[in-house]
Every structure is written in C-alpha cells, then in structure tokens.
Amino acid sequence: MKTPTLYIPLNAVTATTTSEPINIENAEKATLEFTRANHSAGSSAFAVTVSVDGVNYVTYNKLIDNVTNTNAQTLTRVASASLASDTSKHYSMDLTQDAFRWMKVTVTETTDGTHTCKALVIFNY
C-alpha cells in the first residue's frame, strides 16, 4: 500500500501569499484542502500553478471541485477556489493525463482572513 505524504504549503498566512515549490514528480493523486478562518469580510481565492522545469509556472485549470454531480454530468474543473466564510473545501488534481515536477499554491486575500492549504499526495512508487 502506498503511503500518502502530507504537505502544508500555506500555514495560517494572513495576507496574499505564494508557497514555496512542492515536488510532485511521479504524483499519482493529489487532494488539496483550502481553509479560510477568522473571516469578517471579503474572500480568499486559492489557486495552483504547476511547472515541468521549476522556472515557468502556469495556472492549473483542472482542479476537480468537490461538488454534487448527477450521473449525467462530468466532473467540474476549476482554476481557483473562492472562500468567503470560515470554511474548508477539498479539490483534487486530475493527474491521469498530466505530469508535473513542481506545484505552488497561491492565496489572494481581499479584506481579511487566515489561510491554510494542506496537500495530500500519493506518489507512483
């Protein structure tokens, strides 16, 4: 059985912040938990950028949103997650068609809040 690795790219940050790069080379699955706390107004937008070389980063537009779908619908893919209250949301990365070496997480804050991102990654080895 493969053991998942837990990363915390953003840990209780209180301003717009981009994480250090996380090596996701050979990642098979990745689930991200975005959390906003200490909300009084505004919102926070979480986004992921990916890179194959560690230099050029591109917005990852295929975060799979954890929303209810009917059997006839396909998975909902988004480029970012907006949180406007004290809450957490989960998103998965669709790594069945993609391979990247690096990932960064950015939170863009409007007004206030404390922001955390946890990433649970299962590697293909």
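The values are calculated or read from the model by the stated rules, or taken from the named source; none is laboratory data. Small disclaimer: the values here were computed from a predicted structure and weren't measured. Because the Cβ atoms are built from the backbone with ideal geometry, glycine has one as well, and the counts that use them run over all protein chains shown.
Miscellaneous remarks
- Checked against the criterion of being more than 27 Å from residue 124 (Cβ to Cβ) and in contact with a Leu (Cβ under 8 Å, 6 or more places away or on another chain), the candidates 48, 107 yield just one match: 107.
- Test result for residue 108, of a type outside the set (A, V, I, L, M, F, W, C), at pLDDT 95 or above and more than 29 Å from residue 3 (Cα to Cα): yes
- Among residues of region 89-125, those that are touching an Asp or Glu at 6+ places or on another chain (Cβ under 6 Å), surrounded by 12 or more Cβ atoms within 10 Å (Cβ to Cβ) and not in a strand (DSSP E or B), counted: 1
- Residue ID - modelled with the highest pLDDT, chosen from residues in region 2-44 that are out of contact with any strand residue (DSSP E or B) (no Cβ under 6 Å at 6 or more places or on another chain) and of a type in the set (D, E, K, R): 20
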